[in-house]
Amino acid sequence: MSQFAAKVDAREYPPKDKHAVIFDTFEGLKKGEKMELTNDHDPKPLYYQMSAEYTDQFEWEYLEEGPEIWRVAIEKKL
């Protein structure tokens, strides 16, 4: 069984759709569940956007930090 309730590979989506897919997936998580995000660059701007929109509602943990693949575990806290 995976430790992740959902996985999003952002590389599979056009740039205009990436954040919407990620936010929809995050919103679908239950408290305490995690999603795995895979991307082809550091998703730090997403972290800042989530911090503004979901203040204190998530934890962010890098699982892999490039140079070609970034993987992040995002846990829903509330």
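The values are calculated or read from the model by the stated rules, or taken from the named source; none is laboratory data. What you see is a predicted model; the values in this text were computed from it and never measured. Glycine gets a Cβ as well: all are built from the backbone with ideal geometry, and neighbour counts include every protein chain shown.
Summary table
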| item | result |
| --- | --- |
| Positions within region 23-58 being more than 13 Å from Ala73 (Cα to Cα) and hydroxyl-bearing (Ser, Thr, Tyr), in sequence order | Tyr48, Ser51, Tyr54, Thr55 |
| Count - residues of region 49-60 that are in a loop (DSSP other than H, G, I, E, B) and free of Cβ contacts under 8 Å to residues at least 24 places away in the same chain | 3 |
| Per-region count, region 1-20, residues surrounded by fewer than 16 Cβ atoms within 10 Å (Cβ to Cβ) and over 16 Å from Glu59 (Cβ atoms) | 12 |
| Test for Glu61: is it on the phi < 0 side of the Ramachandran plot, modelled with pLDDT of 95 or more and exposed (fewer than 11 other Cβ atoms within 10 Å of the Cβ) | yes |
| Given (1) closer than 22 Å to Asp17 by Cα; (2) in a strand (DSSP E or B); (3) free of Cβ contacts under 8 Å to residues at least 40 places away in the same chain, index of the condition Ile74 fails | (3) |
| Pair list, Cβ under 7 Å, 6 or more apart: region 3-19 residue under 9 Å from Glu36 (Cα atoms), other residue modelled with pLDDT of 95 or more and in a helix (DSSP H, G or I) | Ala6/Thr25; Val8/Val21; Val8/Ile22; Val8/Thr25 |
| Top-ranked residue in region 22-48 [being in contact with a Phe, Trp or Tyr (Cβ under 8 Å, 6 or more places away or on another chain) and part of a helix (DSSP H, G or I); ranked as surrounded by the most Cβ atoms within 10 Å (Cβ to Cβ)] | Phe26 |
